[in-house]
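The values are calculated or read from the model by the stated rules, or taken from the named source; none is laboratory data. Everything numeric in this text was worked out from a predicted model, so none of it was measured. Note that each Cβ is placed from the backbone with ideal geometry, even for glycine, and that neighbours are counted across all protein chains shown.
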């Protein structure tokens, strides 16, 4: 079934392209989802000074490495957008796949961490700290996976030179996922 | 369509390229906003029948405890819990939300702002499909071992979190999953509504030229988006508690059950306004058209809507006054709760002022709109007793609360829906509904509605507690006087359900045999009445241009008493 | 519209931003190693806020985006703050006006401050 975008999609009363306006609203809704979870965690964390002890069992080097990986992947997706805007499709395509690779490394490190922690007995059920840890990082990990899948789909369009603004939109989403991690990192890894 | 986009804004050319679409792509997998609106509306109507049937069953049990209910059989305590839980959940999440936000939003927004579709038609279709999936999961949860979830629609833990308490090991997670999917569907829909209204308005339509109902649906979508986030996170946590055995809400293991109450009501109270605002918008449209008078104080209504929306985030803990919350917070929340009645009252005054001096036509739609004002007022006034923490300690969890919120939700969901359907039916299906049958339906519904819930106020003040399966177990509450009131309320409920039959017949017959409606049977100003009835794919033969505000009725010096928004002079 | 946008992008040196972010990441790890509590807090969360602001401003282009997008995001944060401050008085205490959660009392010896609202 061929799909033709309606006339409505091409209108831009606010001066923002419709796609970018929508992705900002997606970010708004994601802010409250992650923010709600983090706020619940912070309330418990302030209540329980002893949770600092549990937090010392998370691996700061692994978390730091993942922060670095995500920051770098943010750089590569913004470069992909820059390249797409300049019309350099091959370069843009490569940068997108660099970003997907970054997401892959992030997930590998994450799964290494989880395996180590679970094998030490710190499972989802160990106590509420670990429940929050797995819920928050798991939800974040799902967003990373979703971002990678969407980027892979977009990269096909980029090679054909279609839907180039989508590179910018997925970039905004990816930076948001990055920012969420910037807060999860100190919350679960550094603050002891 | 692509070439049409770049040149003149016309969709005429697009139609010739389309063949006649087959059944599946026309009705089931359509991306057309009007068809998706119909899908939402009919799904919502079917769910309303299911929810109404549940109300019938448990009202019969309360009036005649232990006796077999015709059409159901004997009601067990577990089944009773499941019935009241799912009645509440269905009526709010699967009736009020899809009909008022999704169906009206989908149908009205593109037509009223003068464009051909939503900006993301496929996201729109996805949103309905997720919604349908959630409805199917909910219905399926009644038939799994253990039956449907019975922990009340608020799902407070630990009752909802542990199956040794709620005895529904499968029903509870399925219920929660259905609710979560429903949230996702409305997040997708909401982003679509907001983006469409911000970006795709017709040429010339400025901020203050947008019809009130569109404003209200958009503001409601924003409220929904901003309030539902923490609950989505909280629902994931509750789901883990139910299925995996984590202890987020288990006080025995360091969790906090009050946290869920906060998460739920931080969403749950704005949610009241999420469904209220579209209904208020519908009433504004209908009142101004049938009073043939300009809407009184358009900007004031708009600003009070903003005020209501913002204040609605500051009142949630009034649901928890006896949950052991910090008493200092109870004081604050009492003040904010009473404060929110100011903008709402102001809005109602503006509506009444619109009526003053108009030439009122009492069509069925107008009757429903007027009854909305009256009935909602009762709901609002009784809310003051519940918003004040002192009186709420006595009234909490009694039938007074129940009657109060039915006096708000019934006008919102049911009267609001009937107002909209009697008014926009000609636009949706191109035919008129029968007014005589409409009026029979109106009077039957309104009289029976008051017959149900006025006695419940009295019972609630007498101390009758909610969520009780059989009042014979409580000698103080099993007096003949109280039982008579229960029986009266139950027969009123049955009569009200019977009075929906004229509506269903009227609806079905008018669909095929009703008098043909022209483009603009009510002589209204807003843009949807410029399109043919029913509007074809693409809505407008030529995209309208807006020249004025939407409510220019009975302008002095003009021959006709209306002045459509798209008319140059 | 998109042309102006592309113009503006040219002026941002993304690699430089990325280098600053990485440097701050190192700081945020080294800071807590000193072991002073307020240094840890500032290093961990102060720097996280700065990093998030920089990613938002330069990578998400909020610096050249329309102002109201920033207002949208900020409003969402305000609602979150409201949620936190409305809920924390209840969740961060182990007792209410008529209940005590014995299993959940903090192990720290210091008394959790509670106001004069407690009559019982």
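Of note:
- Meets criteria (at pLDDT 95 or above, more than 20 Å from the chain's Cα centre (by Cα) and in a helix (DSSP H, G or I)) for residue B:108: no
- Test: residue B:558 is touching a helix residue (DSSP H, G or I) at 6+ places or on another chain (Cβ under 7 Å), part of a loop (DSSP other than H, G, I, E, B) and surrounded by fewer than 14 Cβ atoms within 10 Å (Cβ to Cβ): no
- Residue count for the range B:200-221, restricted to those that are surrounded by fewer than 23 Cβ atoms within 10 Å (Cβ to Cβ), within 11 Å of chain A (Cβ to nearest Cβ) and assigned to a helix (DSSP H, G or I): 1.
- Subset of the range A:67-98 [in contact (Cβ under 8 Å) with a residue 40 or more places away in the chain and within 12 Å of another protein chain (Cβ to nearest Cβ)]: A:67, A:69, A:70, A:71, A:73, A:74, A:77, A:78, A:80, A:81, A:84, A:85
- Checking B:330, B:297 one by one, the residue that is more than 22 Å from residue B:156 (Cβ to Cβ), more than 22 Å from the chain's Cα centre (by Cα) and at pLDDT below 95 is B:297 and no other.
- Count of the range B:397-446 residues which are within 21 Å of the chain's Cα centre (by Cα) and farther than 18 Å from residue B:370 by Cβ: 10
- In the range B:110-127, residue farthest from residue A:7 (Cα to Cα) [restricted to those that are surrounded by 24 or more Cβ atoms within 10 Å (Cβ to Cβ) and more than 8 Å from chain A (Cβ to nearest Cβ)]: B:127
- Of the criteria (1) buried (at least 20 other Cβ atoms within 10 Å of the Cβ); (2) within 14 Å of chain B (Cβ to nearest Cβ), which one residue A:14 fails: (1)
- Selection count, the range B:306-342, where residues are away from chain C (no Cβ under 14 Å) and surrounded by fewer than 21 Cβ atoms within 10 Å (Cβ to Cβ): 5
- Qualifying residue in the range B:64-77 (condition: in a helix (DSSP H, G or I), crowded, with 20+ Cβ neighbours inside 10 Å and touching a helix residue (DSSP H, G or I) at 6+ places or on another chain (Cβ under 7 Å)): no
- The set of residues from the range C:16-43 being at pLDDT 85 or above and facing chain A (nearest Cβ under 7 Å) comprises C:18, C:21, C:22, C:25, C:28, C:29.
- Verdict on residue A:52 being surrounded by fewer than 22 Cβ atoms within 10 Å (Cβ to Cβ) and without any contact (Cβ under 8 Å) to a residue 40 or more places away in the chain: no
- Unmet requirement for residue B:345, which otherwise passes all of (1) away from every other protein chain (no Cβ under 14 Å); (2) farther than 24 Å from residue B:303 by Cβ; (3) in a helix (DSSP H, G or I): (2)
- Each residue in the range C:57-97 was checked for being away from chain B (no Cβ under 14 Å), assigned to a helix (DSSP H, G or I), without any contact (Cβ under 8 Å) to a residue 40 or more places away in the chain and crowded, with 21+ Cβ neighbours inside 10 Å, and 0 of them qualify.
- Residues that are farther than 30 Å from residue B:35 by Cβ, assigned to a helix (DSSP H, G or I) and at pLDDT 95 or above do occur in the range B:361-372, at least one of them.
- Yes/no for residue B:127 being in a helix (DSSP H, G or I) and closer than 24 Å to residue B:272 by Cβ: yes
- Sole residue being surrounded by fewer than 21 Cβ atoms within 10 Å (Cβ to Cβ), within 28 Å of the chain's Cα centre (by Cα) and not assigned by TED's automatic domain parsing to the domain that holds residue B:150, chosen from B:478, B:524, B:549, B:541: B:549
- Of the criteria (1) surrounded by 16 or more Cβ atoms within 10 Å (Cβ to Cβ); (2) within 14 Å of chain C (Cβ to nearest Cβ), which one residue A:158 fails: (2)
- Any hit, the range A:83-105, residues being over 29 Å from residue A:156 (Cβ atoms) and assigned to a helix (DSSP H, G or I): no
- Which numbered condition residue B:321 fails, given (1) more than 24 Å from the chain's Cα centre (by Cα); (2) modelled with pLDDT under 95; (3) assigned to a helix (DSSP H, G or I): (3)
- Qualifying residue in the range B:158-176 (condition: modelled with pLDDT of 95 or more, assigned to a helix (DSSP H, G or I), within 14 Å of another protein chain (Cβ to nearest Cβ) and touching a helix residue (DSSP H, G or I) at 6+ places or on another chain (Cβ under 7 Å)): no
- Residue in the range A:136-155 that is over 25 Å from residue A:38 (Cβ atoms), at pLDDT 95 or above, surrounded by fewer than 20 Cβ atoms within 10 Å (Cβ to Cβ) and away from chain C (no Cβ under 14 Å) present: yes
- Within the range C:1-23, residues that are closer than 10 Å to residue A:85 by Cβ and in the same structural domain as residue C:55 (by TED's automatic domain parsing) have Cβ atoms under 6 Å from residues that are modelled with pLDDT of 50 or more and assigned to a helix (DSSP H, G or I) in these pairs: C:6/A:85; C:9/A:82, counting only partners at least 6 apart in sequence or on another chain.
- If the condition is being outside any loop (DSSP other than H, G, I, E, B) and crowded, with 19+ Cβ neighbours inside 10 Å, then the range B:282-301 contributes B:282, B:283, B:284, B:285, B:286, B:287, B:288, B:289, B:290, B:298, B:301.
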